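Below is one structure, written out as structure tokens; the observations come after it.
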Amino acid sequence: QVQLVESGGGLVQPGGSLRLSCAASGSIVIIYDMGWYRQAPGKQRELVAVSTRSGGANYLDSVNGRFTISRDNAKNMVYLQMNSLKPEDTAVYYCNANIKRAGAEFQYSYWGQGTQVTVSS
């Protein structure tokens, strides 16, 4: 089995910062892309940032320049540093990873349980 566990969400004032962490555990052979999605009330889930195993990264236009994704392949972790937060960043943030686990022929997509980020004064 594979699990993704997020941490680091919370309440922050506009202009503030938060750092999200996601730890992958289980019978993991290799992790390919790791990323963060978010879903605000009444809206569809959207991709915020994705990190490739080789170190490349892509961002949602509205967070580019404010958010930074990073990962530690040795620890099977991915992080999202969020600066200059805005009320419109309020959402549940989900960690996602494409993982090949032991005994599996293909990679599969796994999700964390989500962590709430609220930006409000």
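The values are calculated or read from the model by the stated rules, or taken from the named source; none is laboratory data. As the structure is a prediction and not an experimental result, all values here were calculated from the model. Quick reminder, even Gly has a Cβ in these numbers, built from the backbone with ideal geometry, and neighbours come from all protein chains shown. Heavy atoms of the whole protein, side chains included, go into the accessibility calculation; ligands, DNA and RNA do not. Shrake-Rupley method; radii C 1.70, N 1.55, O 1.52, S 1.80 Å.
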**OP:** Would you confirm whether any residue within region 81-100 is within 15 Å of the chain's Cα centre (by Cα), within 22 Å of V5 (Cα to Cα) and modelled with pLDDT under 95?
**Re:** no
Original post:
Limited to region 76-118, what total is found for residues that are of a type outside the set (V, I, T), open to solvent by 30 Å² or more (accessible area, probe 1.4 Å) and closer than 27 Å to L11 by Cβ?
Top reply: 12
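Looking at region 75-110, which of its residues are aliphatic (A, V, I, L, M), in contact with a strand residue (DSSP E or B) (Cβ under 6 Å, 6 or more places away or on another chain) and either under 13 Å from A24 (Cβ atoms) or outside any strand (DSSP E or B) (or both)? Before you say what the answer is, go through the steps one by one.
Our first condition is that a residue be aliphatic (A, V, I, L, M); within region 75-110, this holds for 77-78, 80, 82, 85, 91-92, 97, 99, 102, 104.
Narrowing the set further to residues that are in contact with a strand residue (DSSP E or B) (Cβ under 6 Å, 6 or more places away or on another chain) leaves 77-78, 80, 82, 85, 91-92, 97, 99, 102.
Result: M77, V78, L85, A97, I99, A102.
Of everything in region 59-74 that's closer than 17 Å to D89 by Cα, free of Cβ contacts under 8 Å to residues at least 12 places away in the same chain and part of a strand (DSSP E or B), which residue is most open to solvent (accessible area, probe 1.4 Å)?
Of all residues in region 59-74, those closer than 17 Å to D89 by Cα come to 59-69.
Now narrow it down to the ones that are free of Cβ contacts under 8 Å to residues at least 12 places away in the same chain: 59, 61, 64-65.
Subsequent filtering for residues that are part of a strand (DSSP E or B) retains 59, 64.
Values: Y59: 64, N64: 100 Å².
By that ranking, first place goes to N64.
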Original post:
Based on what the data block shows, is G42 of a type outside the set (A, V, I, L, M, F, W, C), in a loop (DSSP other than H, G, I, E, B) and out of contact with any Lys or Arg (no Cβ under 8 Å at 6 or more places or on another chain)?
Top reply: yes
